[in-house]
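All remarks here apply to the structure that follows.
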Amino acid sequence: MIAALKPAGGAGLLDDLRWRGLVHQCTDEAIAGRAFAEGSSAYIGFDPTAPSLHIGSLQQILLLRRLQDAGQRPIALIGGGTGMIGDPSGKSAERTLQGLDTIAGHADGIRTQLERFLAFEGPHAARLCNNFDWLSDMSLIAFLRDIGKHFSVNAMVQRDSVRARLQEREHGISYTEFSYMLLQAYDFLILYRDFGCQAQLGGSDQWGNIVSGVDLVRRLVPTRAADETRAGAPALGPPFGLTSPLLTTRSGAKFGKTEQGTIWLDAGRTSPFALYQFCLASDDADVPALLRRLTLLPRDEIEALEARHMAEPSARVGQRALATAVVELCHGQGGVRAAERATTVLFTGDPGDADLGELQEIFADVPSHVVSAADWQAEASALRLLLVGEGRPFASNGEAKRKLQEGAVRLNGQKVTATLNDPVPSESLIDGRAAVIRIGRKQTWLVCVAAPTEEEAG
RNA sequence: GGAGGAUUGCCCGAGCGGCUAAAGGGGGCAGACUGUAAAUCUGCUGGCGAGAGCCUACGGUGGUUCGAAUCCACCAUCCUCCA
């Protein structure tokens with residue numbers, strides 16, 4: 001019923017995806033267009049290689065969401081079974097196999113995250129599957145007879161993902177990973193046949209796997225002829241696949257991998273503040289694509305933002321909108337507020353107007369360290385205690401000295417000119433105990449001195 | 001099985017008895033300029049030390065030498081050629 005209220009949603013879906021730059025290759029755009037117009041079901045697979053998805057996966061998650069919003073039924077497939085094999089696509093070396101428990105744990109984490117983005121109830125309820133369910137107890141003989149027979153090794157060897165590894169004698173490819181493609185194709189077969197899923201979507205690196213799946217379904221399941229009408233035909237149209245370009249930065253690097261590590265969607269791994277900052281620091285040239293692909297903002301709104309972004313890039317309108325939208329999607333309004341508050345304190349105000357409790361709240365997600373009162377006393381409040389050591393900005397005295405000489409260290413907003421052994425006057429600390437330390441513009445630390453115990457105080 | 005060659009700091013790569021904490025490049029961090037952008041320019045990029053300086057480091061272990069990343073022996077790993 002809701003679907004009937006917005007028929008344009010499905011029909012315009014493919015156009016919207018194209019406009020957003022989410023269409024790289026499609027096995028058959030005519031079939032895709034018809035399927036979307038009529039209302040269909042599509043799936044995307046997620047590998048349980050880590051307990052959390054990262055921002056690179058956000059594009060795929062939102063793609064499912066866009067389908068759902070346009071009246072399609074999205075299926076998220078967690079690769080609990082295929083994750084035990086390892087996808088060779090885009091990998092230069094054989095992967096280390098992970099344990100069953102590890103993968104199951106990862107799958108749980110990923111499920112929780114997906115639930116935040118998709119509606120699992122209602123007219124186009126999303127569905128979550130785990131291919132472990134049908135792969136785990138499959139017999140090898142059955143697999144080879146029923147599935148393997150339909151694949152030509154000659155063709156498989158031609159796939160980019162395999163060919164690259166065959167040519168590289170140093171790494172090679174194991175039989176295990178070579179077989180991966182068959183498993184993923186089998187997934188599509190199961191989903192098509194048993195779950196009514198007409199399409200598989202994925203990143204452009206998945207093209208080979210997706211095409212294999214489409215081929216397998218075509219061979220094994222009788223489908224409605226492309227020009228037949230719905231009446232009297234099987235419910236499901238012919239299978240199709242569609243890939244999206246992988247997100248990269250303008251310098252070609254994989255999106256979401258920084259020197260500090262991956263940008264995760266789990267707040268425990270990458271705080272809302274860090275995620276917000278990551279978006280806010282986006283390259284101008286990347287902003288339009290990111291707005292289109294990583295937010296649910298409507299087209300006209302994005303076009304207006306892009307116009308302002310181009311006209312006056314220094315206002316950073318695009319980055320701000322991006323950061324807000326992404327953080328809201330991942331962590332809700334509360335996450336946005338926390339991130340904005342921290343950003344404001346950090347970049348515009350003197351952190352000193354906040355008291356200690358407030359600071360801890362604002363910077364809950366910034367690395368922090370507590371110096372013991374005894375050490376503080378013993379070393380005469382030496383600056384070193386705030387700067388060097390675990391949980392603090394510098395790993396060695398030498399590094400701290402260099403950065404001090406470069407004028408890179410700020411303590412509560414004031415540039416530090418002292419040397420490491422100089423005492424820190426208590427006026428320069430918040431409540432005499434806490435310091436927001438910034439190294440350059442991008443690194444922030446919160447260090448405070450523990451309150452002396454009664455014994456030490458006395 | 002035989003004959004050669006390789007193994008250097010985060011990565012690539014020069015050095016081939018002292019002038020080497022090790023050229024050069026990349027990456028990273030910082031400073032300047034800016035807009036928490038890009039580009040550019042500059043500095044830094046093993047540890048301890050206020051400093052002189054000391055310590056640790058050129059696949060591993062021993063050795064030669066006043067002195068070794070550099071020479072020798074053995075071991076390990078990789079590559080090439082011949083069986």
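The values are calculated or read from the model by the stated rules, or taken from the named source; none is laboratory data. Remember, it's a predicted structure, so these values are computed and weren't measured experimentally. Backbone-built Cβ (ideal geometry, glycine too); neighbour counts: all protein chains shown.
Outside the structural domain of A:LEU67 (by TED's automatic domain parsing), among the acidic types (Asp, Glu) and assigned to a loop (DSSP other than H, G, I, E, B): does that describe A:ASP300?
In short, no.
Which of the residues that make up region A:18-34 are in a helix (DSSP H, G or I), in contact (Cβ under 8 Å) with a residue 60 or more places away in the chain and closer than 18 Å to A:SER244 by Cα?
Selection gives A:TRP19, A:ALA30, A:ILE31, A:ALA32.
What are the residues in region A:96-119 that are without any contact (Cβ under 8 Å) to a residue 60 or more places away in the chain, surrounded by fewer than 20 Cβ atoms within 10 Å (Cβ to Cβ) and not in a loop (DSSP other than H, G, I, E, B), if any?
Within region A:96-119, A:LEU100, A:ASP101, A:THR102, A:ALA104, A:GLY105, A:ASP108, A:ARG111, A:THR112, A:GLU115 qualify.
Is there a residue being part of a loop (DSSP other than H, G, I, E, B), within 16 Å of RNA strand B (Cβ to nearest atom) and within 21 Å of A:PRO48 (Cα to Cα) anywhere in region A:83-92?
Within region A:83-92, one or more residues are part of a loop (DSSP other than H, G, I, E, B), within 16 Å of RNA strand B (Cβ to nearest atom) and within 21 Å of A:PRO48 (Cα to Cα).
Matching residues to (1) among the basic types (Lys, Arg); (2) in contact with a Leu (Cβ under 7 Å, 6 or more places away or on another chain); (3) within 16 Å of A:ILE61 (Cβ to Cβ); (4) assigned by TED's automatic domain parsing to the domain that holds A:GLU38:
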residue: A:HIS106; (1), (2), (3), (4): no, no, yes, yes
residue: A:ARG111; (1), (2), (3), (4): yes, yes, yes, yes
residue: A:ARG116; (1), (2), (3), (4): yes, no, yes, yes
residue: A:ARG163; (1), (2), (3), (4): yes, no, no, yes
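Out of the residues in region A:408-458 that are assigned to a loop (DSSP other than H, G, I, E, B) and touching a strand residue (DSSP E or B) at 6+ places or on another chain (Cβ under 6 Å), which is farthest from A:ALA373 (Cα to Cα)?
In this case the residue turns out to be A:ALA408.
Please work out if A:VAL447 is under 18 Å from A:GLU390 (Cα atoms), away from RNA strand B (no atom under 16 Å from the Cβ) and modelled with pLDDT of 90 or more.
When the stated conditions are applied, A:VAL447 passes them.
Could we say that A:GLY83 is at pLDDT below 90, surrounded by fewer than 16 Cβ atoms within 10 Å (Cβ to Cβ) and of a type outside the set (Ser, Thr, Tyr) here?
Judged against the criteria, A:GLY83 is not a match.
What number of residues within region A:307-338 satisfy the criterion of being more than 9 Å from RNA strand B (Cβ to nearest atom) and buried (at least 17 other Cβ atoms within 10 Å of the Cβ)?
14
Has region A:377-392 got any residue that is within 8 Å of RNA strand B (Cβ to nearest atom) and in a loop (DSSP other than H, G, I, E, B)?
no
If you go through region A:402-419 one residue at a time, do you hit one that is surrounded by 13 or more Cβ atoms within 10 Å (Cβ to Cβ) and away from RNA strand B (no atom under 14 Å from the Cβ)?
Yes, region A:402-419 contains a residue that is surrounded by 13 or more Cβ atoms within 10 Å (Cβ to Cβ) and away from RNA strand B (no atom under 14 Å from the Cβ).
Residue under question is A:THR270, and the condition is that it be touching a helix residue (DSSP H, G or I) at 6+ places or on another chain (Cβ under 9 Å) and not in a helix (DSSP H, G or I); does it hold?
yes
Looking at region A:274-299, which of the residues that are within 16 Å of RNA strand B (Cβ to nearest atom) and of a type in the set (Ser, Thr, Tyr) is nearest to A:GLU340 (Cα to Cα)?
Of everything passing the filter in region A:274-299, A:TYR276 is nearest to A:GLU340 (Cα to Cα).
Kindly indicate whether any position in region A:170-179 is closer than 30 Å to A:LEU329 by Cβ and modelled with pLDDT under 90.
No, because not a single residue in region A:170-179 is closer than 30 Å to A:LEU329 by Cβ and modelled with pLDDT under 90.
Of everything in region A:420-429 that's polar (S, T, N, Q) and without any contact (Cβ under 8 Å) to a residue 40 or more places away in the chain, which residue is farthest from RNA strand B (Cβ to nearest atom)?
So the residue we want is A:SER428.
Could you go through region A:342-361 and let me know if any residue there is touching an Asp or Glu at 6+ places or on another chain (Cβ under 7 Å), part of a helix (DSSP H, G or I), more than 11 Å from RNA strand B (Cβ to nearest atom) and over 28 Å from A:PRO272 (Cβ atoms).
Within region A:342-361, none of the residues are touching an Asp or Glu at 6+ places or on another chain (Cβ under 7 Å), part of a helix (DSSP H, G or I), more than 11 Å from RNA strand B (Cβ to nearest atom) and over 28 Å from A:PRO272 (Cβ atoms).
What is the number of the single condition among (1) within 28 Å of A:PHE278 (Cα to Cα); (2) more than 8 Å from RNA strand B (Cβ to nearest atom) that A:GLY432 does not meet?
The failed condition is (1).
Search region A:82-134 for residues being farther than 30 Å from A:ALA164 by Cα and aromatic (Phe, Trp, Tyr), and hand back the single one that is farthest from the chain's Cα centre (by Cα).
Among those that are farther than 30 Å from A:ALA164 by Cα and aromatic (Phe, Trp, Tyr), it is A:PHE120.
What pairs come out if I take residues in region A:176-202 that are free of Cβ contacts under 8 Å to residues at least 40 places away in the same chain and in the same structural domain as A:VAL162 (by TED's automatic domain parsing) and pair them with residues that are assigned to a helix (DSSP H, G or I) and of a type in the set (D, E, K, R) whose C-beta lies under 8 Å away, six or more apart or interchain?
Pairs that qualify, where the first residue is free of Cβ contacts under 8 Å to residues at least 40 places away in the same chain and in the same structural domain as A:VAL162 (by TED's automatic domain parsing) and the partner is assigned to a helix (DSSP H, G or I) and of a type in the set (D, E, K, R), are A:ALA185/A:ASP215.
Let's see how each residue does on (1) assigned by TED's automatic domain parsing to the domain that holds A:LEU297; (2) touching a residue at least 24 places away in the same chain (Cβ under 8 Å):
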position: A:HIS331; (1), (2): yes, yes
position: A:THR344; (1), (2): yes, no
position: A:ASP355; (1), (2): no, yes
position: A:SER368; (1), (2): no, yes
position: A:SER372; (1), (2): no, yes
position: A:ALA382; (1), (2): no, yes
position: A:GLY389; (1), (2): no, no
position: A:ARG392; (1), (2): no, yes
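Quick one: in region A:298-336, which of the residues that are under 21 Å from the mean Cα position of the chain (by Cα) and among the charged types (D, E, K, R) is farthest from A:ARG269 (Cα to Cα)?
Ranking the qualifying residues of region A:298-336, first place goes to A:ARG320.
Hey, among A:SER244, A:SER271, which residue is more than 9 Å from RNA strand B (Cβ to nearest atom), buried (at least 21 other Cβ atoms within 10 Å of the Cβ), of a type in the set (S, T, N, Q) and at pLDDT 90 or above?
On inspection, the qualifying residue turns out to be A:SER244.
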